[in-house]
1. Accessible area per residue for chain B in Å², computed with a 1.4 Å probe and the full protein assembly in place, what is it?
2. Give me the three principal axis extents of the stretch B:29-69 from the C-alpha atoms, as integers in angstrom, largest value leading.
3. If R0 is 56 Å, what FRET efficiency do you get for B:E145 and B:F39 from their C-beta distance, rounded to 0.05?
4. How do B:W18, B:W60 stack up against each other in accessible area, from largest to smallest, with a 1.4 angstrom probe?
5. Would the stretch B:184-225 count as rounded, prolate or oblate if I go by the C-alpha gyration tensor, calling it rounded below 1.5 in a/c and otherwise prolate when a/b exceeds b/c, oblate otherwise?
6. Relative to the longest principal axis of chain B, what angle (0 to 90°, nearest 10) does the C-alpha long axis of helix B:167-194 take?
7. Could you rank the peptides A:3-14, A:199-210 by their average count of other C-beta atoms within 10 Å per residue, with the highest value first?
8. Where both residues lie in chain A, what percent of DSSP beta bridges are antiparallel, nearest 5?
Amino acid sequence: MSNELVSIKCLGVKFDGIILEKVFLNIKKGEFISIVGKSGVGKTTLLNAIARLVNYSGEIRSPQEIGMVFQDHSLFPWMNVEQNISLGLEQSDSNAISKIIKSIGLIGKEKKYPCELSGGQRQRVAIGRALAIKPRLLLLDEPFVNLDTFTKLGMQEWMAKLLDENKITTILVTHDIEEAILLSDKCYVMKNKRMEEEFLIPFLKPRNSKLRYSKEFQDLKQKILERC
Amino acid sequence: MKINWKGAAFIILILLFWQGGSIVGIFNESLFPSPLKVFSTFLDLLYSGEILVDISTSVWRVIVGLVVGSALGIIFGLLVGRIFWLDKTISLTLNIIRALPPVAIIPLMIIWFGIGDNAKLIEIAFAVFFPVWVSTVMGVKSINENYLRIARIFVKSRTQFLCKVLIPATIPFITNGVRIGIAIAFIMAFVSELAGASSGLGYRIAYAQIIYRADIMLVALIILGLLAAATDCAFVYSYTQIFPWVNSVSKGE
């Protein structure tokens, strides 16, 4: 039986011009992969195609239960934390929501509206909303790009721990190569509208952010950077 | 709710100037009676009960017309905003009718429905419908693209989309439309009562003109203005309490 959860064959996306062409990608169950590359290479479009948010040619086989976190938190301002998290649930399950709120560290803020939260807290709610639907595939589109450096570092460690506990197959799109190495099992470089190269991340999980100061980490970062 | 002290002080200044002008004889008392004379006339009308009947009649007409016109405006706005073929089919007709001054339909309404309440309620609802409809359509069409992306990922049914996304996202536009509708409802109530009624603030003004009583006219006009302003304030206060997040939606936060 195949262990593949996502299979992409010869994917192409066109808007005004070609955004993606001949993209091939296979992801195993429970795997965490990152996609890095320069702006405009089609990283976000790839996620949007997997989530069926854009029209595409080629073949995408992926589960229906997809959770997605966008660059900007994209919470509904008219819903409080609890309501935003339960958005994708058929029936509101207060126990499950309480667990999620606990896991994202926002106990006591259940009734707060997004405008009453900090940037990091909003992004945690967005991650909680994606996790609440018990996704088989989680798509993260530069989830920490709008956060300040300190919040970002804290969020990366928190995210690594959270996803390690949940074992959800995840695709992370990011500009931050250190983030990609710290969080993922494999890192793909996108270039010229397609997947250019795959890097296996050799470091054991769970990873600590201090890992980024090691020589191996910096060497790998340099290698990936050279391919971008 | 904060009290606007500067605004209140300005009104007091106008009243003082008006009263002072009347005392020194700048204003002709029979054409432009002093504030004290207007207040005394108000008390007379209050004791006789006439003004209370006028106020309750006009307010009732405004509320019913406003509620019916707004409800229809919101329903048609949501439908036209979301359903492409419906937009293409009925928007042209509605825009042609919208271009008519609402007061222009009053003679026709009198012919069709007489001078009773029905005609006035239809006239008010008709006039309120269009600003609410236009605002709602604008709200639906300018809905934040991010909200639609989230909805496509997380929202499972059309009913959920309507209740959890579309209506809340359009609330700032709907409330703006209703605020415009409130002012128009008072104008229409007044004009429709001028054109044939046996009670109401518009009727009181028309009657005062016949008996040449500027003080009664001013009482009715001031009450009309105060009612319209109070309704607008109450509406703004209510919706900011019910929808505390409304400014965040406008800012796209």
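1. On a per-residue basis, 54 Å².
2. 42, 21, 12
3. 0.50
4. Correct descending sequence by accessible area is B:W60, B:W18.
5. oblate
6. Relative to chain B, helix B:167-194 is tipped by roughly 30 degrees.
7. A:3-14, A:199-210
8. Of the beta bridges lying entirely in chain A, close to 50 percent run antiparallel.
The values are calculated or read from the model by the stated rules, or taken from the named source; none is laboratory data. Owing to the predicted nature of the structure, the values given are computational and were not obtained by experimental measurement. Here Cβ is always computed from backbone atoms with ideal geometry, including for glycine, and neighbour counts include all displayed protein chains. All accessible areas refer to the heavy atoms of the entire protein, side chains included, with ligands and DNA or RNA removed. Shrake-Rupley method; radii C 1.70, N 1.55, O 1.52, S 1.80 Å.
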